[in-house]
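Peer 1: Supplied in structure tokens, the structure appears directly below.
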Amino acid sequence: MRQIILDCDPGLDDAVAIMMALGASEKIEILGITTVAGNVGLDAVYQNARNLCSLAGREDIPVFQGCPHSIMGKHVRAAEVHGSDGVGGVILPSSTREHDVMHSVDFIVDTCMNAEDKSITICPTGPMTNLAVALIKAPEIEEKIREIVFMGGVAFGPGNCTPAAEFNIFADPHAAQIVIQTDIPKVMMGLDVTHQTPCTDDRLNELKAIGTEPANAIAAMMEAYRRLVMSRDHGQNDCMMHDPCVIAYLLEPDLFSGRHYYVEVDTHDGVSHGRTLADGLSVSKKAPNVKIMEKIDDEGFYQLLYKSLRDLG
Ligand code: BDR
Ligand code: CA
């Protein structure tokens, strides 16, 4: 059983990641969902995360508000991909859970401080502001973290936010650099691997065929996602399941393959701002600090997603 904190900015693909994790409760225990401004603003992502738990019948899961902007004060958003509400206009049941008033950063710190060494897995699927601030506030939590499995970056291909940078890292490069430079074991689900997971017509139909309320909502979100991505990119790009790759890795790591590399984030202004620079040929001789996933069994991934949604009921 993995004990995880899901640090996210729902977000259409974050929504799928949340549902997938909730549907795998025999293998994943979500200690809390911490939200961070990213795809849309903080109020919206927080409310979306609460409502998604409600959709899954899991209002017992605490959901926290975190940082409203990046460490350097940037507000980078992706409403053109996720809709202005972050969930593509899909109406979700309103959560009736009392608001959890603790800050996301404090929840991360407190949870880790009260945990056994190397027991907590942190799963960022948005900008890594909350985790970076938690690591600054209480560096001793490093000991408590088993692994950080994050969606973000791209090592050997083009960015999706700028030619050099992926959205989550571009939105807060300083936070990503702080997290990546720690000694905590890290797995990077970057565009190298997430771009191998297109939500095709057939896959969308499989999602619709599940027929439960959460699966129907996810299918409606994927339809919105496809529509938004198509209209933004003039039909050039597919709609990818970025964030759920993080959950799939926790459930079935053998779906993925990759290697350890030394990675640095470009925090300087300029055309490479937010780039995750991987030392592919080890020319720097610096010790590898991230395991970068490069290949996924995409059909296996989708089968796992359908199973989790079916198990969610
Ligand atoms: C990442 O950016 C966000 O828009 C998605 O939710 C995902 O986390 C993909 O680049
Ligand atoms: Ca996200």
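The values are calculated or read from the model by the stated rules, or taken from the named source; none is laboratory data. Computed from a predicted structure; not experimentally measured. Cβ sites come from the backbone with ideal geometry, for glycine too, and all protein chains shown count toward neighbours. Accessible surface is based on the protein model in full, side chains and every heavy atom, while ligands, DNA and RNA are left aside. Shrake-Rupley method; radii C 1.70, N 1.55, O 1.52, S 1.80 Å.
Peer 1: Specify the residue that is nearest to ligand 1 (Cβ to nearest atom); the eligible residues are those in segment 228-253 that are without any contact (Cβ under 8 Å) to a residue 24 or more places away in the chain and not polar (S, T, N, Q).
Peer 2: ASP233
Peer 1: Considering only segment 10-23, I want to know if a residue exists there that is free of Cβ contacts under 8 Å to residues at least 60 places away in the same chain and more than 16 Å from the chain's Cα centre (by Cα).
Peer 2: The answer is no, given that none of the residues of segment 10-23 is free of Cβ contacts under 8 Å to residues at least 60 places away in the same chain and more than 16 Å from the chain's Cα centre (by Cα).
Peer 1: Tally time: how many residues in segment 80-115 are more than 16 Å from ligand 1 (Cβ to nearest atom) and assigned to a helix (DSSP H, G or I)?
Peer 2: Count: 10.
Peer 1: Taking VAL109 as meeting all but one of (1) touching a residue at least 40 places away in the same chain (Cβ under 8 Å); (2) crowded, with 17+ Cβ neighbours inside 10 Å; (3) away from ligand 2 (no atom under 14 Å from the Cβ), write down the number of the exception.
Peer 2: Of the numbered conditions (1) touching a residue at least 40 places away in the same chain (Cβ under 8 Å); (2) crowded, with 17+ Cβ neighbours inside 10 Å; (3) away from ligand 2 (no atom under 14 Å from the Cβ), the odd one out for VAL109 is (1).
Peer 1: Residue check: is VAL45 crowded, with 18+ Cβ neighbours inside 10 Å, within 14 Å of ligand 2 (Cβ to nearest atom) and under 25 Å from GLY313 (Cβ atoms)?
Peer 2: No, not satisfied.
Peer 1: A further question on this structure: What are the pairs with Cβ atoms under 8 angstrom where one residue, in segment 140-151, is under 12 Å from ALA115 (Cα atoms) and the other, located anywhere, is part of a strand (DSSP E or B) and open to solvent by less than 10 Å² (accessible area, probe 1.4 Å)? Sequence gap at least six, or different chains.
Peer 2: Short answer, once both residue conditions are applied: LYS144/ILE120; ILE145/ILE120; ILE145/THR121; ILE145/ILE122; ARG146/ILE120; ARG146/THR121.
Conditions (1) at pLDDT below 95; (2) assigned to a loop (DSSP other than H, G, I, E, B); (3) open to solvent by 80 Å² or more (accessible area, probe 1.4 Å); (4) farther than 15 Å from PRO244 by Cα, marked per residue:
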position	(1), (2), (3), (4)
ASP269	no, yes, yes, yes
SER272	no, yes, no, yes
SER282	no, yes, no, yes
ALA287	no, yes, no, yes
GLN303	no, no, yes, no
SER308	no, no, no, no
ASP311	no, no, yes, yes
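Peer 1: Is it fair to say ASP202 is of a type in the set (D, E, K, R), over 15 Å from LYS295 (Cα atoms), open to solvent by 20 Å² or more (accessible area, probe 1.4 Å) and part of a loop (DSSP other than H, G, I, E, B)?
Peer 2: no
Peer 1: For segment 149-169, indicate whether the set of residues that are within 16 Å of ligand 2 (Cβ to nearest atom), aliphatic (A, V, I, L, M) and part of a loop (DSSP other than H, G, I, E, B) is non-empty.
Peer 2: yes
Peer 1: For segment 135-148: of the residues being of a type in the set (Asp, Glu) and within 18 Å of CYS123 (Cα to Cα), which is nearest to ligand 2 (Cβ to nearest atom)?
Peer 2: Within segment 135-148, the match that is nearest to ligand 2 (Cβ to nearest atom) is GLU147.
Peer 1: Going residue by residue through segment 214-233, is there one that turns out to be closer than 18 Å to THR276 by Cα and either over 16 Å from the mean Cα position of the chain (by Cα) or open to solvent by less than 10 Å² (accessible area, probe 1.4 Å) (or both)?
Peer 2: Looking through segment 214-233, none of the residues is closer than 18 Å to THR276 by Cα and either over 16 Å from the mean Cα position of the chain (by Cα) or open to solvent by less than 10 Å² (accessible area, probe 1.4 Å) (or both).
Peer 1: Could you look through segment 238-262, keep only residues that are assigned to a loop (DSSP other than H, G, I, E, B) and touching a strand residue (DSSP E or B) at 6+ places or on another chain (Cβ under 9 Å), and pick out the one that is nearest to LYS27 (Cα to Cα)?
Peer 2: Top of the filtered list is ASP243.
Peer 1: Further question: Of the residues THR194, THR162, THR182, which is of a type in the set (Val, Ile, Thr), in contact (Cβ under 8 Å) with a residue 12 or more places away in the chain and open to solvent by 20 Å² or more (accessible area, probe 1.4 Å)?
Peer 2: THR162
Peer 1: For segment 150-178, enumerate the residues that are of a type in the set (Val, Ile, Thr) and within 15 Å of ligand 1 (Cβ to nearest atom).
Peer 2: VAL154, THR162, ILE169
Peer 1: If we keep just the residues of segment 6-38 that are away from ligand 2 (no atom under 15 Å from the Cβ) and of a type in the set (A, V, I, L, M), which is surrounded by the most Cβ atoms within 10 Å (Cβ to Cβ)?
Peer 2: Per the stated criteria, the residue is LEU22.
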